[in-house]
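Just so it is clear, none of the values below were taken in a lab; they were calculated from the coordinates. Here the structure is a predicted model, which means the values were calculated and not measured. Positions of Cβ are generated from backbone atoms using ideal geometry, with glycine treated the same way; all protein chains shown enter the neighbour counts.
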Amino acid sequence: MLKPTQMQEIQDLKLRGYAENEIAPYFEEHGQKPPSQPTIRKYYEMDVLPEIPNENLIKNKAFDHDPFREFIIAVVKNNYDCCVSSIYDVLTEKFVEKGDFDFLPGNEQTLRNYVHYLKDSKIVDNTPENRRIYDRVFDTPPGEQMLIDFGEQKVENNLTVHFICLLLRYLPIQDGIPPSLFLNQYPCDICVKSTFK
């Protein structure tokens, strides 16, 4: 099966003035196995490439409809490395033995191919999330709670700067003026000072 990039390359060569019989040698010169002459002719004679190449060769996936699809996705998400034969057994129990269906729409190999399709197309993804998960922050009086976060940043000349971020949950505002952190009369000062003792 010809890759979409090769199909496009045949079209590009045509636009650059290459004759049909010059395309196979072009592929060979660039270290690629050339497509067969009938394939070159097919894509050379096309005015526009199809939106979905090889659409007529794509088979319908037997398990790619409800209720099978949702059930299989849920099982694979919860047990990513689960054996496909186990999934097939569970499908048989759930749908055939309970009488919902007379038989499953495909065999075990069909299910295996479908599970590979789900994983390869990232419908079911196992990559861990690279983000922080924060817990609930409890409500406290003003100035009694502070969030602390450490970090580092690489700057020029391979210099690493380590830093700390302090975030007071909220400050009491009196008369529309926030308090100064340098005055001892506000609770936030106590919070900052007790952190660095």
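Could you grab me the full set of residues in the range 13-31 that are touching an Asp or Glu at 6+ places or on another chain (Cβ under 9 Å), under 18 Å from residue 3 (Cβ atoms) and not aliphatic (A, V, I, L, M)?
If the condition is that a residue be touching an Asp or Glu at 6+ places or on another chain (Cβ under 9 Å), under 18 Å from residue 3 (Cβ atoms) and not aliphatic (A, V, I, L, M), then 14, 26, 27 are the ones that fit.
What number of residues in the range 102-112 are more than 19 Å from residue 67 (Cβ to Cβ) and either surrounded by 11 or more Cβ atoms within 10 Å (Cβ to Cβ) or of a type in the set (Phe, Trp, Tyr) (or both)?
Kept after step one, since they are more than 19 Å from residue 67 (Cβ to Cβ), are these residues of the range 102-112: 109, 112.
If we keep only those that are either surrounded by 11 or more Cβ atoms within 10 Å (Cβ to Cβ) or of a type in the set (Phe, Trp, Tyr) (or both) too, we end up with 112.
Selection size over the range 102-112: 1.
Give me the pairs, please: first residue somewhere in the range 1-12 and on the phi < 0 side of the Ramachandran plot, second residue anywhere and among the aromatic types (Phe, Trp, Tyr) and in a helix (DSSP H, G or I), beta-carbon distance under 6 Å, and either six or more positions apart or on two chains.
7/43; 10/43; 10/44
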